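Chemist: Mind having a look at this structure? Questions to follow.
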Amino acid sequence: MTGAQKAAVMLVQMGKERSSKIFALMDEEEIELLTTEIVLMGEIEPSVADDVLLEFYNELTGGGSIGAGGMGFAKALLESSLGKDKAGDLLDRVTAGQIGQPFDFLQEADARQVLTFLSGENAQTIALVLAHLNPIKSSAAMTGLSPDLQAEVAHRIATMERTPPDVIAIVAETIMRKASTVLTPQSASVVGGVQPLVEIINRADPGTGKHLLEELAKRDPALAEIVRAQMFTFDDILTLDDRAMQIVLREVDAATLAVALKGVRTELRDKVLGNVSERARENLLEEIELLGQVRLSAAEEGRAAVVSVIRRLEESGQIQIQRESDDEYVA
């Protein structure tokens, strides 16, 4: 047995109250390591408990009740030492790291296949599945739903909280049968919430994104405002500081930028033109002029490409986006 495994056995034998006091003296990395071992442990053989106790203390403290590890003990121990919310988050990381994601078999399917597998399912089931998939695939699948179903699914994703493992397993098994894929889904994870919906809408085409927000506002105006506050649109480039804007413009080719700027407000055009060199400004204005009229859909695609670059740069930490809920930055 490893040192962590032996320590986990000791904690189980000591019980929740004493073990929680020890956890309170550890850092989060140590707690996560030991929690992982406790979850994986299950029933502890009496001989194993004897050996560990003798090694550490040379004295066996319990004869009849040897104890058992597992999710129940780990949950009670963490809640006692860290509090319910933090315990839930840590257990989510442990279980997600130890057990495969329940809908992994859909990650290789394309959006049309996902829609086929979800055909006939209710909005709650569709929301649960899409919240588990990567945002790009979920966005493509969302586009294929009817407008009314899109709105219902979006609302359910945004309001979804922790889902019981048995419910996830049942849903995954049902979809798995449709996909004719062999998998044993047993992952317990937290999915849903505002952020997954924001990612889905951000990656959807402009028409679908607009429809989802409008319908969400009809159902739950307060929730729609929260979602909007977390999103970034092309108009929001006005909130970027000059340094961030310059980093973004280095990542966008001139042709895409020219199309994106067709028909935008003067302030947006000035924001871009004010952050390029004089020569680049002249070339960009000339390219915009040469384009003539462009389809609105083409302009929106160009703007979506710029926004995609901004999101990527934010995710990599190269720029920061100040949203309404954020504190102001200081130099």
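Every number here is computed from the coordinates shown, using simple stated rules; none is lab data. Only a predicted model underlies this, so the values are computations on that prediction, with no experimental measurement involved.
Chemist: Give the shape of region 262-320 as rounded, prolate or oblate, defined through the alpha-carbon gyration tensor: a ≥ b ≥ c are the square roots of its eigenvalues, a/c under 1.5 means rounded, and otherwise the shape is prolate if a/b is larger than b/c and oblate if not. The partial results should precede the final answer.
Modeler: Working: a/c = 2.29, a/b = 1.33, b/c = 1.72.
Because a/c hits 1.5 or more and a/b fails to exceed b/c, region 262-320 counts as oblate.
Chemist: Once you have a ≥ b ≥ c as the square roots of the Cα gyration tensor eigenvalues for region 114-182, tell me rounded if a/c is under 1.5, and otherwise prolate or oblate according to whether a/b is larger than b/c.
Modeler: Working: a/c = 1.70, a/b = 1.19, b/c = 1.43.
The shape class here is oblate.
Chemist: Given Lys84/Lys210; Lys6/Lys84; Lys84/Lys137; Lys137/Lys210; Lys137/Lys178; Lys86/Lys210, which pairs have Cα atoms separated by over 29 Å?
Modeler: Numbers: Lys84/Lys210 37 Å; Lys6/Lys84 26 Å; Lys84/Lys137 33 Å; Lys137/Lys210 18 Å; Lys137/Lys178 18 Å; Lys86/Lys210 35 Å.
Flagged as over cut-off: Lys84/Lys210; Lys84/Lys137; Lys86/Lys210.
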